[in-house]
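What follows is a short report on a single structure.
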Amino acid sequence: MKLASFALNDTPNVARLAFVIDDTTWFPVTEACQTVGTTLALIPLTIHDAIEAGPDVWKELARIAESLASLWSSRSLTMSTRLTPLDLGALTILPAVQTPSKLACLALNNSANVDRIVKGPSHPAVFTKPLTALVGHGSPIRLKPHYGRVHPEPELAVIIGKRATDIAAADAYDHVFGYTIHNDLTSPTMRDEDSFHYRAIHPAAEGDGEGIRYVESHVSYSGRYKGSDTFSALGPWIVTKDEIANPHSLDISCHVRDECFASDNTINLFHKVPEVLAFLSGYMTLLPGDVVSMGTALASGGKPGRAVQNADLNKMGGPVSVTIERIGTLSNPVSRGD
């Protein structure tokens, strides 16, 4: 089942939910449930309503989606049902989820990074992004000249379906609602501007008594260079977990305009979904609707030696698109200006 969030252009502040039959055929969930018939006492109005409703509701929505697809393919949806596909030109596609409590993103989680890492943890490393960074399929990524170099990062994203605290890796998939695509926009220019080379204060070495010592350190914080407005394109929809048996065998690519800058497979993710969710849930509770972005696809695309870091969107413009097998394509124009 594919579920997308949208807002009609005449009511832009009201999020609604749609069944996605194919790229151009969407039906509003409320009207589709009423047409096909449902046992649901309350039909979810938004994606967050649907996720939080739990597995029994997910199963019923999946049944309705399957019936709807069958009726559509057989042309059994007649005008008498008063159910017609949404006019995609009369709506805005919203981020796959709009109000997650957190977007947790993995850093350097690709086997291509192993030889590049001089020093780092053996466990997953994570940073978070604000929900104000979110933007949906088709909406512009807004860049300003002083952002400097900005490049895309194509990533598989996990949507949490069930509260997770201190879970075991073996139970991780029980806490997954589905999968979507995340373009984790990054500005190396702002990262450099916000980096410190300094002497960190530590307690005196053991045996040296009370006091302090200084340790030469390098640190950068991800607030601006990862979390600026529109730096998290998310969508175009969510594919529920039953549709993807193995999230670690999916081809993934990234294009800017018509040029390929990455062509990879999620098998190359170093830390896999079960261990990532188990690790994260030991430090931060994952809530329904949260996003866990699994790390960047790095294998070169197009020209030899090319990488997504070569795609400076502040110079090239867009559109920029990320395609993941069995999910779809997330595409966004690029708006450059003050």
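The values are calculated or read from the model by the stated rules, or taken from the named source; none is laboratory data. Quick caveat, the model's predicted, so the values are computed rather than measured. Please note: Cβ atoms are built from the backbone with ideal geometry, for glycine as well, and neighbour counts cover all protein chains shown. Surface accessibility is based on the protein's heavy atoms, side chains included, excluding ligands, DNA and RNA. Shrake-Rupley method; radii C 1.70, N 1.55, O 1.52, S 1.80 Å.
Just the residues that are in a loop (DSSP other than H, G, I, E, B) and under 35 Å from the mean Cα position of the chain (by Cα), please, taken from the range 192-233.
Once the filter is applied, which keeps residues that are in a loop (DSSP other than H, G, I, E, B) and under 35 Å from the mean Cα position of the chain (by Cα), the range 192-233 yields Asp194, Tyr221, Ser222, Ser228, Asp229, Thr230, Phe231.
Restricting the search to the range 88-112, which residues are open to solvent by 50 Å² or more (accessible area, probe 1.4 Å) and in contact with a strand residue (DSSP E or B) (Cβ under 6 Å, 6 or more places away or on another chain)?
If the condition is that a residue be open to solvent by 50 Å² or more (accessible area, probe 1.4 Å) and in contact with a strand residue (DSSP E or B) (Cβ under 6 Å, 6 or more places away or on another chain), then Thr92 is the only one that fits.
Filter the range 197-234 down to residues that are modelled with pLDDT of 90 or more and among the acidic types (Asp, Glu) and give me whichever is surrounded by the most Cβ atoms within 10 Å (Cβ to Cβ).
Looking at residues that are modelled with pLDDT of 90 or more and among the acidic types (Asp, Glu), I get Asp229.
(1) open to solvent by less than 50 Å² (accessible area, probe 1.4 Å); (2) more than 23 Å from Asp49 (Cα to Cα); (3) part of a strand (DSSP E or B): which one isn't true of Phe177, the others all being true?
So the condition that Phe177 fails would be (2).
Of all residues being crowded, with 19+ Cβ neighbours inside 10 Å and aliphatic (A, V, I, L, M) in the range 22-56, which is farthest from the chain's Cα centre (by Cα)? Just the residue, please.
Val36
Looking at the range 304-332, I want the residues that are under 21 Å from Thr230 (Cβ atoms) and have a partner that is in a loop (DSSP other than H, G, I, E, B) and of a type in the set (Ser, Thr, Tyr) with Cβ atoms under 9 Å, at least 6 apart or on another chain. Which pairs are those?
Listed by first residue and then by second, the contacts come to Asn314/Ser187; Asn332/Ser139; Asn332/Thr230.
Any residue in the range 179-190 that is polar (S, T, N, Q), in contact with a Pro (Cβ under 6 Å, 6 or more places away or on another chain) and at negative phi?
For the range 179-190, residues polar (S, T, N, Q), in contact with a Pro (Cβ under 6 Å, 6 or more places away or on another chain) and at negative phi: present.
For the range 293-338, give me every one of the strands (runs of 3 or more DSSP E) that falls completely inside it and has 1 or more residues that are among the basic types (Lys, Arg) and in contact with a strand residue (DSSP E or B) (Cβ under 7 Å, 6 or more places away or on another chain).
Because the criterion is at least 1 residues that are among the basic types (Lys, Arg) and in contact with a strand residue (DSSP E or B) (Cβ under 7 Å, 6 or more places away or on another chain), the strands (runs of 3 or more DSSP E) in the range 293-338 that meet it are 334-336.
Can you tell me which condition Asp264 does not meet? The list is (1) over 18 Å from Thr186 (Cα atoms); (2) acidic (Asp, Glu); (3) modelled with pLDDT of 95 or more, and all the others hold.
Looking at each condition in turn, Asp264 falls short on (3).
Within the range 107-127, is there a residue that is at pLDDT 95 or above and either in contact with a Pro (Cβ under 7 Å, 6 or more places away or on another chain) or more than 26 Å from Val276 (Cβ to Cβ) (or both)?
no
Within the range 127-166, count every residue that is assigned to a loop (DSSP other than H, G, I, E, B) and surrounded by fewer than 20 Cβ atoms within 10 Å (Cβ to Cβ).
Of the residues in the range 127-166, 11 are assigned to a loop (DSSP other than H, G, I, E, B) and surrounded by fewer than 20 Cβ atoms within 10 Å (Cβ to Cβ).
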